[in-house]
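The values are calculated or read from the model by the stated rules, or taken from the named source; none is laboratory data. Remember, predicted model here, so these are calculated numbers, not experimental data. When we count neighbours, we look across all protein chains shown, and the Cβ atoms used for this are built from the backbone with ideal geometry, even at glycine. Ligands, DNA and RNA are stripped out before the accessible areas are found, and what is left, the full protein with its side chains, is counted by its heavy atoms. Shrake-Rupley method; radii C 1.70, N 1.55, O 1.52, S 1.80 Å.
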Amino acid sequence: LAGCALGGSAAPTTYDLIAPRSFAAAAKSARYQLVVNEPTSVHALDTDRIMVRPRADQISYYKGAAWSDRLPHLVQVRTIETLQNSGAVKAVTSSSDRVDGDYSLSMEIRSFQVDTTNGRPAADVDIFAKLIDNNSSKVVASKGFSTRVASANDTPTAGVAALNQALTEVLQDTSTWVSAPSTMP
């Protein structure tokens, strides 16, 4: 409160990620319980700040804009919600639930930003996923999911809309992959 009284900076506009609710084809539910771990990421993405890449070798963040939570936690929560919405697996929980599932989904956020390097802003989302058998502690399947979605402009609102669309595509693909018989040994 003292900071506000002394003319501290205004609170940022807060944005959220949205889990998809509709899916192209009704996937048959995999008959196992899945635990979704919080994704790993580089330090620059392990924040509530919304990343912008103005050059290939430089990162920045939208001024006055923030995610509603740290990005890895948001991606974990929205992944769980997506898997629940899709019915891809029998049961899905968070690693913080302390429930032993048959398999774990571990993810690495490799890219999650608005890229403005070529003058045409676009959301880049790249997530690498591993399905781990909790009984043997072995990776049974792994796959990368990435997409690029054009942004209407370089504003935080347009950038977040493009990031949400990109995440929707990645999570829909991940949901299909997790439930596919070919994913399982």
Taking region 1-24 and the residues there that are under 22 Å from the mean Cα position of the chain (by Cα) and either hydroxyl-bearing (S, T, Y) or open to solvent by 70 Å² or more (accessible area, probe 1.4 Å) (or both), the one that is modelled with the lowest pLDDT would be A24
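Filter region 139-179 down to residues that are out of contact with any strand residue (DSSP E or B) (no Cβ under 7 Å at 6 or more places or on another chain) and either open to solvent by 40 Å² or more (accessible area, probe 1.4 Å) or part of a loop (DSSP other than H, G, I, E, B) (or both) and give me whichever is nearest to G87 (Cα to Cα).
T176
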Evaluate region 64-78: report whether one residue or more is among the aromatic types (F, W, Y) and over 13 Å from the mean Cα position of the chain (by Cα).
no
